[in-house]
Amino acid sequence: METIIDNLKINYIKEGKGKSVLIIPGWGTTISTYMTLINEISKYACVYCLDMPGCGESEEPINSWDVDNYVDFIIEFIRKQNIKNVDLIGHSNGGKIIIKLMNRKKLNFKVNKIILMGSSGIVHKKTFMQKIKVKTFKLCKKTLELKPIKALCPNLLLKLKNSFGSEDYRNATPIMRQTLVKLINTDLKDCLKNIKEPTLLIWGELDTATPVTDGEIMEKLIPDSALIRVKNCSHYVFLENPIYVNKIIYAFLKGEN
């Protein structure tokens, strides 16, 4: 299905009947990544999921976005779907969007429950080696941007960025690279205390993208929250142990507030 938000064609899916559940994907993932969740939740709820701008079949923004742009986008999607009450599920960057969303005042819809899976939102201090890497990159970048060197070796700067960047960074377009940098550097730790809704945190114990210690911080700072650690799973815990994760989600969403 398609809708238009911020003049962008957005691909989304709507399955099932009952109360509304919105799945907000992580960076670089698409609707297909979450089909195990969609297929299960749609048995007892009306579940929505969408390709975020610049991913899957959704159009890319013309300018780079920050977290607030994504929050505005989600609010508009919910409005266009005429959703008045919703449960939110966010994976990775999707969780970061939810955290910031719940710090907005006077939303025109009610959020009942929240599930954060391997959520980003905690920015850690850089290690000594990471600081050295950043300084090295900036020095090399400054050198390669000099007009004589740029004229002689026009592709070297791009190769430098690719060699220093993560896989997500390398695979992104220029606009989405700028977006990724903004998102990675946004720390939402101070926003966690303002989430009043019941919140379930699901984490793979082997997660290296967003370590389980991030989940422990969130459990400590979100007033009404509980952390479920899933053994032998990493960042995609819902794909690695779908039966267990879906049972947890069902019990949480179907239980009494």
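Assorted remarks:
- Ordering 116-123, 62-69 by mean Cβ neighbour count within 10 Å, with the highest value first, yields 116-123, 62-69.
- Annotation: the residues 49, 233, sorted from fewest to most other C-beta atoms within 10 Å of their own C-beta, follow the order 233, 49.
- Flagged links, alpha-carbon separation over 18 Å, of 43/96; 14/182; 105/193; 9/113: 43/96; 14/182; 9/113
- When each of the peptides 3-9, 85-91 is scored by how many other beta carbons lie within 10 Å of its residues on average, the order from highest to lowest is 85-91, 3-9.
- Mean Cβ count within 10 Å, highest first, over the residues of peptides 30-39, 194-203, 220-229: 194-203, 30-39, 220-229
Throughout, read-outs are computed from the coordinates displayed, never taken from laboratory work. Since this is a predicted model, take the numbers as computed values, not measurements. Ideal geometry is used to build each Cβ from the backbone, glycine not excepted, and the neighbour counts take in all protein chains shown.
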